[in-house]
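Accompanying notes for the structure given below.
Derivation of every value follows stated rules applied to the coordinates shown; laboratory data play no part. These numbers were taken from a predicted model, which means no experiment stands behind them. Cβ atoms come from the backbone with ideal geometry, glycine included; neighbour counts cover every protein chain shown.
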Amino acid sequence: MRYRSARWNGKKVDGMSVRSVERAFRVLQELNLQPVSSIAHLHARTGLAKSTLVRILSTLEQAGYVDNDPRQGGYQVTALVDSLSSGYHKDPLVVEAGRAWAVALTRAHQWPIAIAIFDTDAVVVRFSTVPDSAMSPFHKTVNMRLGLFYRGLGLAYLAFAPDEQIELTIEMLSHSPDAENELARDPDRLWSLIKRVRKQGFAERAAHVEPSNSNTLAVPVFNEQGRVAASLGLTYFTSAFRNRAEAVDRYLEGLQTSSREITSELGRLSLQS
């Protein structure tokens, strides 16, 4: 064993690294790169002694992660290896592309920034800078579901979605008992709101929706094909401004610039994936 610096609950602590575990994962990683691997190949790639490799491979074989098939001339991973990734849920690419810009906006303006993506009948906050903001109206927003009609992040996404998607969403939510979905039963009024948001290029939380002490200003984020991929929003205490227009004047340009930069980064990441 060897000692290393590690983190636990966000604090730096001294910890031990089990070298046999490290070696086993190195072997698994290498096995995963080839259909079949021989001892000689693994020795050349990992630098581990052949006797060590035999012990590791035997252990992995007994655990069910590796199969030694003489007909194939070596070792190969089994389907059980898939289970090692079943608990990992990668953020959508748009979140990866937008994370740095969201943090930069909070550093510039102090208010928390959120990135939300569409999920069936709402948007879900997938990234938030609440932990980076000392002025957040919320304690936590990640995984929060927000309605599409009265919430800034929801409306910023819906208004820039294709008309066919909007029509389908209206039909689906027209039977919802949730008060936040009542506009689905008044499509003329809803379409008027959508057209206004499209014209102005941003959305806000409806004034009657709680919490009444704050507001969210949000803009759409588009992918490289020009289709809305997410919404980007800034939340602030309303008492900090005389009216909503003052907040729009101060923050809208920064949000729209960040949205365009996220689109560019999204295109770059898409080429790499």
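Key figures for this structure:
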item	result
Ellipticity estimate at 222 nm from DSSP helix runs (n ≥ 4, -39,500 (n - 2.57)) divided over the chain, nearest 500	-13500 deg cm²/dmol
Karplus 3J(HN,Hα) series, Hz, for the stretch 198-210 with 6.51 cos²θ - 1.76 cosθ + 1.60 (x for Gly, Pro)	4, 5, 7, x, 7, 10, 9, 5, 4, 4, 7, 8, 6
Semi-axes of the equivalent ellipsoid for the stretch 79-168, Cα gyration tensor, largest first, Å	24, 22, 12
Total charge dipole magnitude, the stretch 93-272, about the Cα centre, Cβ charges on Lys, Arg, Asp, Glu only, Debye to nearest 20	500
Packing rank of 145-156, 54-65, 254-265, 120-131, where each peptide gets the mean count of other beta carbons within 10 Å, highest leading	145-156, 120-131, 254-265, 54-65
Most to least packed among 110-118, 42-50 [average Cβ atoms within 10 Å]	110-118, 42-50
Positive minus negative residues near residue 159 (Lys, Arg vs Asp, Glu; Cβ under 9 Å)	+3
Kirkwood Rh in Å, taken over all unlike Cα pairs in the chain	22.1
Mean Cα-pair separation over length for the chain, i.e. relative contact order, pairs under 8 Å, 6 or more apart, %	14
